[in-house]
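This report concerns only the one structure given below.
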Amino acid sequence: MLLLDTIKLALRALMRNRTRTFLTMLGIIIGISSVIIMMSLGSSLTHYMDNVFSSIGTNVINVREKWERDGGSWRIVHRLDESDYIALRDNCHTIKYLSPDLNTTSPIVYGNNSHSAMVAGGNEHCLELNGMNVARGAMFDEGDVRSIAKVCLIGQTVAEKLFSDGEEPLGQTIRCGNVPLLVIGILQPREKQFNYDFNNLIIIPYTTLQKRLLGKTDIDQISMAAAQSSDNDHAVEEVRQILRIYHGLQPEDEDDFEIEVQSETMDQLSGVLNIVVLILSLIAGISLVVGGVGIMNIMYVTVTERTREIGLRKALGARRSNILMQFLSESVVLSLAGGLIGILSGLAIYAIASAFIEQLPFVLNGSAILTSFLVCTLVGIFFGWYPARRAAELDPIQALRYE
């Protein structure tokens, strides 16, 4: 009951001068709002990245060409080609499936309609490796890859651009560069990720892209999926040993290729993101210190203005602990009120921002709210303690004589 009475007294004292109270809380409000926004941003980006990588799969491994500096320019140490893919396909036992990857950008034409799209080449497993599915029609098979078949699957954006009159795309022949391609499937629509439109895509057999469109034998990378995510390390080591043997590398030679594990990339990005959000939150927290200094300053002014009141309370029997608790309660209530407004303001601002930014999901960060309440309490106690102690130590006789 005593605590409730103390809080009521604190609220009554703060409401005597609403403008001064609000201006004092402003630093806390801005600081907490900034921290809430930064921590919510971190949670949203982490959630977004989890969705991106989970749609692809954390057990995906990519083998790429290695680049090195040669004088003032860069060169490829060893080009990957179909023989590397075959060596891994025939000898790697920890891999569930793998696919050569190539891509280019090309104008796509159907009738009088023309549109530029990404053309990706792979084998019959490339959809699983990239987290894609067929909405209508069918995927090409191993026979199409071997026969360099002129077939394709198109994304939703390509279908809308080329078949704007509502014509059924399946079974139609489109032209990619100078190569006619039969549409055998429509890809399931996907959301944009990092502003990349996965629907503006055409997928064809990698052999068709190599020999009919690009006229080359090398490939950009080899994508593969480990049999289980827990076997990533084993799979990476097996892939490394097979390629080193196939490339004729000696034990002292460095790898002439690069291996990227999707899960490691995700962990690295998450680590960098957490550090950036932490730094931004600490920068935003500087305003909390400024707000705390403002609370200390206004509490000093309050003690000075109410010196005679303090003397009167002590003359009527109030103990030092009563006076200390009274002014400390005012400081904490002032800080918590500013923190509550800051939390609500930060969440409102972030909700509005996420509503306008499509790629920014609104994720309620409970730890950010709990941390904010804790910080506000500590700020109120820390910056209010010294003024409250000064009030508690005032001599009642001198306080009653104060003009």
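The values are calculated or read from the model by the stated rules, or taken from the named source; none is laboratory data. The shown structure was predicted, so the numbers you read here are calculated from the model rather than taken from an experiment. Every residue, glycine as well, gets a Cβ built from its backbone with ideal geometry; the counts of neighbours run over all protein chains shown. For the accessible areas, the whole protein counts, side chains as well, though only heavy atoms, and no ligand, DNA or RNA atoms are used. Shrake-Rupley method; radii C 1.70, N 1.55, O 1.52, S 1.80 Å.
Things to note:
- Test for GLY215: is it closer than 23 Å to VAL119 by Cβ, modelled with pLDDT under 90 and of a type in the set (Gly, Ala, Ser): yes
- Segment 218-231 - residue that is modelled with pLDDT under 90 and small (Gly, Ala, Ser) and, of those, most open to solvent (accessible area, probe 1.4 Å): SER230
- Screening segment 76-97 for residues that are free of Cβ contacts under 8 Å to residues at least 40 places away in the same chain and more than 33 Å from the chain's Cα centre (by Cα) and picking the one that is most open to solvent (accessible area, probe 1.4 Å) gives ARG89.
- Enumeration of residues in segment 141-150 that are farther than 20 Å from ASN178 by Cβ and open to solvent by less than 60 Å² (accessible area, probe 1.4 Å): GLY143, VAL145
- Among the conditions (1) part of a helix (DSSP H, G or I); (2) more than 51 Å from the chain's Cα centre (by Cα), ALA318 misses just one, which is (1).
- Taken over segment 232-260, the criterion of being exposed (fewer than 14 other Cβ atoms within 10 Å of the Cβ) and part of a helix (DSSP H, G or I) is satisfied by ASP233, GLU237, GLN241, ILE245.
- Listing of strands (runs of 3 or more DSSP E) fully contained in segment 115-231 that carry 2 or more residues being within 32 Å of the chain's Cα centre (by Cα): 134-137, 151-154, 179-187, 201-205, 221-226
- Filtered residues of segment 116-154 (kept if in contact with a strand residue (DSSP E or B) (Cβ under 8 Å, 6 or more places away or on another chain) and without any contact (Cβ under 8 Å) to a residue 12 or more places away in the chain): SER116
- Residues of segment 185-198 that are buried (at least 18 other Cβ atoms within 10 Å of the Cβ) and modelled with pLDDT of 90 or more: GLY185, ILE186, LEU187.
- Boolean, ALA235 is farther than 27 Å from ASN113 by Cα and touching a strand residue (DSSP E or B) at 6+ places or on another chain (Cβ under 8 Å): yes
- Among the candidates GLY166, GLY177, the residue that is free of Cβ contacts under 8 Å to residues at least 60 places away in the same chain, on the phi > 0 side of the Ramachandran plot and open to solvent by 10 Å² or more (accessible area, probe 1.4 Å) is uniquely GLY166.
- Inspection of segment 328-345 finds a residue satisfying the criterion of being under 23 Å from TYR48 (Cβ atoms), modelled with pLDDT of 75 or more and open to solvent by less than 80 Å² (accessible area, probe 1.4 Å).
- Test: residue in segment 98-119 that is modelled with pLDDT of 90 or more, touching an Asp or Glu at 6+ places or on another chain (Cβ under 9 Å) and open to solvent by 70 Å² or more (accessible area, probe 1.4 Å): yes
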